[in-house]
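In what follows, a single structure is set out as structure tokens and then discussed.
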Amino acid sequence: MAAAVVTGTRRLSFSNSAGSREFDLYVPVGLTGRPALLVMLHGGQMDAAEFAVASRMNDFADRHGFLVAYPEQSREANASGYWNWFRPEDQQADGGEPSIIAGITRQIMAEWTIDPDRVWIAGLSAGGAMAAVMTATHPQLYTAAGVHSGLPYQAARDVGSAFAAMSIGRDSDAAAGPAPLIVLHGDRDTTVVVSNADRLIDARLATHNASIHQASIHQASTDQVELRIVTSTGDESPGNRPHTRTAHILPSGQVVAESVIVHGGGHTWFGGDPRAGHTDPLGPDASAELVRFFLEQPTPDPEPPTTGAKVHPWQHLWPFSRQR
């Protein structure tokens, strides 16, 4: 970690061969040890500062002691400020916007001695779709993910198919990332239909099921990877919309995938600050749900692997070979 810790928000930038992006980095008060990092990707027609206000995530960072990075899409790359989650050149690890976002992540990790087992990513709308891209293309970088009102990896390959996926939903054959995933979506969302939440969860569970198949091929036990499903309903107390929570849980108690479907909710950040756009002041509080989910994820065994390679607690669930 940097020797002289200056708290608050600072404006920084990152560049590589794919381009450059500015980002805001929030450093909380009382930062100690090897902190966690949360990368937050804004929605369209937003910027980093507005997303920080809308989500109130900096308040949670102060409370729990993690850094928050807010990469900002350039208007040169997209005139309306949308992350280009639907373009093939921006759906790969070694180029396009994923390489820039990963570069921002690694730059912060190096400067602040971030705990590599607590590197999280989340986003809203186009930012949520890009968060799904990031976990698929960089499976060894992000250890948990949250998608709010977004779409699955490779749900579209151009602008036309992007609008189709947003309005009617579209299955994707692409493997989702192996990191534990929480999805939040309103069932009255007319911008990105709620069926995309189901498709995000299905894609994550398909990755999990592939791991079971791989284990059976190698005659390994699958007892520790069979999932149970738990569904519950949220109360309708003042300040909250009714919602349904579905969790897919390993025998160890770890949640592999979780969805929170908000009844009557639209295309906005739930529990957000009304001073910013694209927010719904009614809960469930999306930021609280994300942070709760991330903090509940187990840390790996402290014994280092004999190969010297970095191993996440879910790495045995990832049967595909991908490079960071």
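Things worth noting here:
- Scope segment 157-187; condition among the small types (Gly, Ala, Ser), crowded, with 21+ Cβ neighbours inside 10 Å and within 30 Å of residue 108 (Cα to Cα); matching residues: 176, 177, 179
- Residue within segment 186-201 that is closer than 22 Å to residue 101 by Cβ, out of contact with any His (no Cβ under 7 Å at 6 or more places or on another chain) and among the β-branched types (Val, Ile, Thr) present: no
- Where residue 53 falls short, out of the listed (1) of a type in the set (Val, Ile, Thr); (2) touching a residue at least 60 places away in the same chain (Cβ under 8 Å); (3) touching a strand residue (DSSP E or B) at 6+ places or on another chain (Cβ under 7 Å): (3)
- For segment 245-274, the set of residues classified as closer than 18 Å to residue 193 by Cβ, assigned to a strand (DSSP E or B) and out of contact with any His (no Cβ under 7 Å at 6 or more places or on another chain) consists of 246, 259, 270, listed by residue number.
- Residues that are over 23 Å from residue 288 (Cα atoms) and either under 15 Å from the mean Cα position of the chain (by Cα) or at pLDDT below 95 (or both), drawn from segment 168-198: 168, 169, 170, 171, 172, 173, 174, 175, 176
- Condition met for residue 89 (at pLDDT 95 or above, of a type in the set (D, E, K, R), buried (at least 21 other Cβ atoms within 10 Å of the Cβ) and within 21 Å of residue 44 (Cβ to Cβ)): no
- Condition broken by residue 132, with the remaining ones in (1) surrounded by fewer than 16 Cβ atoms within 10 Å (Cβ to Cβ); (2) under 24 Å from residue 269 (Cβ atoms) satisfied: (1)
- The lone criterion from (1) outside any helix (DSSP H, G or I); (2) modelled with pLDDT under 90; (3) within 30 Å of residue 283 (Cβ to Cβ) left unmet by residue 208 is number (1).
- Contact map, segment 197-213: residues that are over 18 Å from residue 132 (Cα atoms) paired with residues that are among the β-branched types (Val, Ile, Thr) and modelled with pLDDT under 90, Cβ distance under 7 Å, separation 6+ or inter-chain. Pairs shown: 211/225; 212/222; 212/225.
- Residue in segment 290-305 that is more than 25 Å from residue 101 (Cα to Cα), at pLDDT 90 or above and crowded, with 21+ Cβ neighbours inside 10 Å present: no
- Count - residues of segment 63-78 that are assigned to a loop (DSSP other than H, G, I, E, B) and either basic (Lys, Arg) or without any contact (Cβ under 8 Å) to a residue 40 or more places away in the chain (or both): 4
- When residues of segment 218-244 are limited to those that are assigned to a loop (DSSP other than H, G, I, E, B) and among the β-branched types (Val, Ile, Thr), the one modelled with the lowest pLDDT: 222
- Residue tally, condition outside any strand (DSSP E or B) and within 15 Å of residue 110 (Cα to Cα), over segment 6-57: 4
- Search result, residues across segment 246-277 that are surrounded by fewer than 18 Cβ atoms within 10 Å (Cβ to Cβ) and of a type in the set (Val, Ile, Thr): 246, 249
The values are calculated or read from the model by the stated rules, or taken from the named source; none is laboratory data. Model, not experiment: these values are computed from the prediction. Methodologically, a virtual Cβ is constructed for each residue, glycine included, from the backbone with ideal geometry; neighbour enumeration extends over all protein chains shown.
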